[in-house]
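A.B. asks: Please find one structure pasted underneath; my questions will follow.
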Amino acid sequence: MTTVIETQALTKIFGQKKIAVNDLYLSVPKNSIYGFLGPNGAGKTTTIKMLLGLIKPSAGTIKIFDQPMRMDSVALRKRVGYLPTHPTYPDKMTPIKYLDFIGKIFGIPREKRIPRISELVRSTDLLGLSSSEIRKFSTGETTRLGIATCLMNNPDLLMMDEPTTGLDPIGRASAISLITELGKDPSKTIFISSHILADIERFCTHVGIVSNGKLIFNGTISEVKKLTNANSIILELEGDMHMFTQFLQTMPNILKHETSPGIVRVYLRDITYYKETVLQLFQFIADNPYQLISFKSGSENLEDAFLQLLEEEKSDGFLRGIARAL
Ligand SMILES: Nc1ncnc2c1ncn2[C@@H]1O[C@H](COP(=O)(O)OP(=O)(O)OP(=O)(O)O)[C@@H](O)[C@H]1O
Ligand SMILES: [Mg+2]
């Protein structure tokens, strides 16, 4: 598989004490929409700026399209589009003038610039605003302009730092459908940082989860779900809970369990035996005076999955979790 972004041992230490990015090995496949997920302060923006050659790593290497990215990699940077978290624009310009100005910076000749601008204004739904001053734009409209701006040079790689931040549900939906549309172009790879898991779940093909500057997961969306969905089971029961937990202790594939009134969450030791374990649990429930109210397999969505991964990372059990699941 061809990779578009490849980092090895990428590290950034600010002021000799703040480790913002810690020994990061990233591998972003071509044509993917890669979601770079992590809570505030995890190191997402710092990583993106290093990938763009805007700040210098303290250690490690970066390859973009198989070429080393450095602060002086001007030609390489021209193949990358960048949407910062809070882009600023010259207030008095109209989107058309601004995009024209960006096109000139990229050295795009006029005969290519004009059709490109009109295509982008249309695809980002800014046609009705093409002669309004940018300072009058709403947050959502500004984001759409940001997306148009980072596409001006027709980049093969798009880096978007929290493109859905600050948008209302309609603004988010519109940004998401734009990004999803872009992702369909087989020549493009999109790298998006976010802490909005619901968005990532909707359009990303791959995901990297970063916490405290460290990558704690890297894989496809379905791998995250597999990892977190299958390693625990939640049962809502009526009946003798004491007898039930005693039974759990006799099951070799149950690592631990947590109980709250009427609810038992069991964690599996080895998910290879998921089906067998569920069958044993059901058999016990059927053979004894229990009423099964509900049954859920682990995390229901990526939000839970993400929080669970962060929790496990904190308790240093993450690597064991991966070994069990994959
Ligand atoms: N120039 C800097 N000098 C010192 N520390 C910095 C600098 N830039 C970032 N940091 C610190 O590095 C850590 C990572 O910051 P970064 O902006 O990369 O996080 P982030 O994941 O993008 O967070 P957010 O979701 O809030 O945007 C934070 O603790 C931040 O305070
Ligand atoms: Mg950030």
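Bear in mind that the values in this text are calculations on the coordinates, not laboratory data. Keep in mind the model is a prediction, meaning the values are calculated, not measured. Neighbour counts run over all protein chains shown; Cβ positions are idealised from the backbone, glycine included.
A.B. asks: Between L279 and S177, what is the spin-label point distance in nm, taking each point 7 Å from the Cα along the Cα→C-beta axis?
C.D. replies: 4.6 nm
A.B. asks: Additional query: Given the rule -39500 (n - 2.57) for each run of at least 4 DSSP H residues, summed and divided by the residues of the chain, what is its mean residue ellipticity at 222 nm, to the nearest 500 deg cm²/dmol?
C.D. replies: Details: 12 runs with 126 residues, N = 326.
Calculated mean residue ellipticity at 222 nm is -11500 deg cm²/dmol.
A.B. asks: Same structure again: Would you mind working out the magnitude of the charge dipole of the chain relative to its Cα centre, with +1 at each Lys and Arg C-beta and -1 at each Asp and Glu C-beta, to the nearest 20 Debye? Each step should come with its number before you reach the end.
C.D. replies: Values: 38 positive and 34 negative charges, 352 e Å.
That gives a dipole near 1680 debye.
A.B. asks: Where does the charge balance sit around I108 when Lys and Arg score +1, Asp and Glu -1, over other residues with C-beta under 10 Å from its C-beta? Could the numbers behind the result be given before it?
C.D. replies: Details: positive: K104, R110, K112, R113, R116; negative: D100, E111.
After counting each charged neighbour, the total is +3.
A.B. asks: Between Q291 and D23, with labels modelled 7 Å along Cα→Cβ, what's the label distance in nm to one decimal, could you check?
C.D. replies: Distance between the two pseudo-spin positions: 5.3 nm.
A.B. asks: Chymotrypsin sites (Phe, Trp or Tyr not before Pro), restricted to the range 1-88: which are DSSP loop and have at most 10 other Cβ atoms within 10 Å?
C.D. replies: Details: sites: F14, Y25, Y34, F36, F65, Y82; in loops: Y25, F65.
The qualifying sites: there are none.
A.B. asks: Binning every alpha carbon pair distance of the chain at 20 Å from zero, what are the percents per bin?
C.D. replies: Cα pair-distance distribution for the chain, in percent: 28, 46, 21, 4.
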